[in-house]
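The values are calculated or read from the model by the stated rules, or taken from the named source; none is laboratory data. Here the structure is a predicted model, which is why all the values come from computation and not from measurement. Cβ atoms come from the backbone with ideal geometry, glycine included; neighbour counts cover every protein chain shown. Surface accessibility is based on the protein's heavy atoms, side chains included, excluding ligands, DNA and RNA. Shrake-Rupley method; radii C 1.70, N 1.55, O 1.52, S 1.80 Å.
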Amino acid sequence: MMRDMVERAPRWLSAEGKFPEMVISSRARVARNLEGFLFPAKLDKTLRKGVLKEIKKAALSLPEFRDALIFEISELSDLDRVFLAERHLISLDLLADGEGKAVIISRDETLSLMVNEEDHIRLQAFAPGLNLEEVFEKVLQVEQKLGETLSYAYREPYGFLTSCPTNTGTGLRLSVLLHLAGIVYSKQLEGLLRNLAKVKVSVRGLYGEGTNVEGNVFQISSLLSLGVSEKETLESFRDVVEITLDFERKSREILLENMKEALEDKIQRSLAILSSARLLSFKETAEYVSAVRLGIGIGKIFDIKVKTLNELLLFSQPAHLQKLFGKEMGPQERDEKRASYVKTKLKAE
Amino acid sequence: MLCENCKIREAKITFVEVKDGKKRVLHLCPICAEKLSLGLPEKGAPADELPEERAERESPEERTQELACPGCGMTFSEFAKKGRFGCAECYFAFGEKVKEIFEEIHGSALYRGRRYSTDRKVSELLRREKELEEALEKAVREENFEEAARIRDELQKLRESEQ
Ligand SMILES: [Zn+2]
Ligand SMILES: [Zn+2]
């Protein structure tokens, strides 16, 4: 099953949406629990499996999950778990072992349903580029359909009850992966963070919780789920993203005005290294890919697709690389294989 | 590693904070990270006091620390430490303290999302009602009063049918 996944990138990395060079992907998720069961952390093994069975039945009856992929976490190797986390299909929380935990993934990987993670249900919808409306509609639509067969834990005055108080209420969270090289290169990141600190969003690195920013890719997420309706969450988050993108566009203009040669040099050097290096760490790869990406954004590079860069980043991650080459590899060997993979991929353009 | 803010829950998030032009990297638990992202006061200020610290400061009758949830057995101090509810009953077992926590995190303890009922028919009606309410708000905002009147009528009919 996982074999098919190794050969292709998910649709959300296809660079088809709006501003794909700056907005890698859009995502919406809702958290739900089932009425009458303790939350997963307190639930015993047998009941956890019962919950899984019930949710699986409800999900698989929906057309959205036709021919879905189902992985029970306890049956996966460590490598496979990390592979799914690198694809954003499961969270770092699900990496920890535990029976009755599973993930159900739609064929095109635009929907993922984590079962018995922090909550019984964590449903996520993904789309390439800036497309918050699509993921918003999709996730709530599927949530409603599931809610017709399953009974959610819902009480006045709090709404949907979740394990963590930060999700109580709508259980809804919107997020985007943004490529903000202009802001970083022009040293305006602090200014952006200062602005974002005033609105209700969080800013994190590429892989969400607990990781550092790499390749100038930031995950910005909405935070509030009480005191706001779903629609208001969508509207205010859309504004935050627009403001951030404007900030990025202005930063790029400033760069082009003040240090055009240095910027172009950086872009071309990065491309040259990616095309000819013999060893590449993930961190380096992410940095050079970012510069090339910016090159596409400001019209200095034409013959490379954003989609190719998305795939490069995805498959440069440790678990993806090992799955791609079909063997376990240490860091040294990975750096070598990564460089050869990147080189081949760029040559094929 | 423990959260550098509350020093109680496990740190899971690397948080970059910018204050007076200086950058600071903090390792935080999700709850403190969200609080800081929201620009809420840091440790030390009463608004950010941990529930158990507050319980210590307050008079004994106000203490909720020893309360245990009848649903899952979780005590309030266990909840304060982990930052996670054990079950739906916890929300009501810990009383007003839960509301205060929501006020801190979300700036509100009131649900404003779509209403839901496990009864499918009721659920459908509630959903329709919410949609109409939103459409009405929009019509009023856009000063489209004809449309607003039409929606108001429809809403009224819907509410009558509910009773
Ligand atoms: Zn903390
Ligand atoms: Zn409980």
key: Prolate/oblate/rounded call for segment A:215-349, Cα gyration tensor, a/c under 1.5 rounded   = oblate
ask   = Given that compact globular proteins tend to follow 2.2 N^0.38 Å, what is the ratio of the alpha-carbon Rg of chain A to that value?
value = 1.02
inquiry  = Tell me the carbon and sulfur percent of the accessible area for the protein assembly as shown, rounded to whole percent, probe radius 1.4 Å.
reply    = 51 percent
Computed label-point distance, nm, for sites A:E336 and A:E7 using a 7 Å Cα→Cβ extension = 2.8 nm
ask   = How high is the relative contact order of segment A:292-349, in percent, with contacts defined as C-alpha pairs under 8 Å that are six or more residues apart?
value = 34 percent
query = Quick one: accessible area per residue over segment A:259-347, 1.4 Å probe, rounded to a whole number of Å²?
reply = 47 Å²
note = Taking the protein assembly as shown and counting helices only, DSSP H stretches of n ≥ 4 at -39,500 (n - 2.57) each over all residues, the nearest-500 ellipticity at 222 nm comes to -15000 deg cm²/dmol
query = Given +1 on the Cβ of Lys and Arg, -1 on the Cβ of Asp and Glu, and no further charges, what dipole in debye does segment A:259-347 carry about its Cα centre, rounded to the nearest 20?
reply = 220 debye
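Summed for both chains, how many Å² of accessible area, to the nearest 100, are buried between B and A with a 1.4 Å probe?
When B and A are taken together, about 4500 Å² of accessible area is lost.
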task = Evaluate Rg over Rh across segment A:89-175, taking Cα atoms for both radii and Kirkwood's formula for Rh.
result = 0.95
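I'd like the mean, over residues of A:31-38, of how many other protein chain beta carbons sit within 10 Å of each residue's own Cβ.
On the way: counts 0, 1, 3, 1, 2, 2, 2, 11.
That average works out to 3.
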key: Size of charge dipole - segment A:3-131 - debye, nearest 20, with Cβ of Lys, Arg +1 and Asp, Glu -1, no other charges   = 340 debye
Of A:K57/A:K101; A:K283/A:K347; A:K42/A:K138; A:K187/A:K266; A:K198/B:K99, those spanning more than 19 Å from alpha-carbon to alpha-carbon = A:K283/A:K347; A:K42/A:K138; A:K198/B:K99
ask   = If you average the sequence gap of Cα pairs under 8 Å that are 6 or more apart and divide by the length of segment A:2-252, what percent do you get for the contact order?
value = 24 percent
query = For the Cα atoms of chain A, what angle does the longest principal axis make with the long axis of helix A:282-297, in degrees from 0 to 90, nearest 10?
reply = 70 degrees
Other-chain or far-sequence residues with amide H under 5 Å of A:K18's (modelled H) = A:L130
ask   = Just counting partner chain Cβ atoms within 10 Å, what average do the residues of peptide A:165-173 show around their Cβ?
value = 6
message = In whole Hz and in residue order, list the ³J(HN,Hα) couplings for segment A:238-246 that follow from phi through the Karplus curve 6.51 cos²θ - 1.76 cosθ + 1.60, θ = phi - 60°; x for Gly and Pro.
response = 4, 4, 4, 5, 4, 4, 5, 5, 4
key: Average partner coverage of A:152-162, which counts Cβ from other chains inside 10 Å   = 6
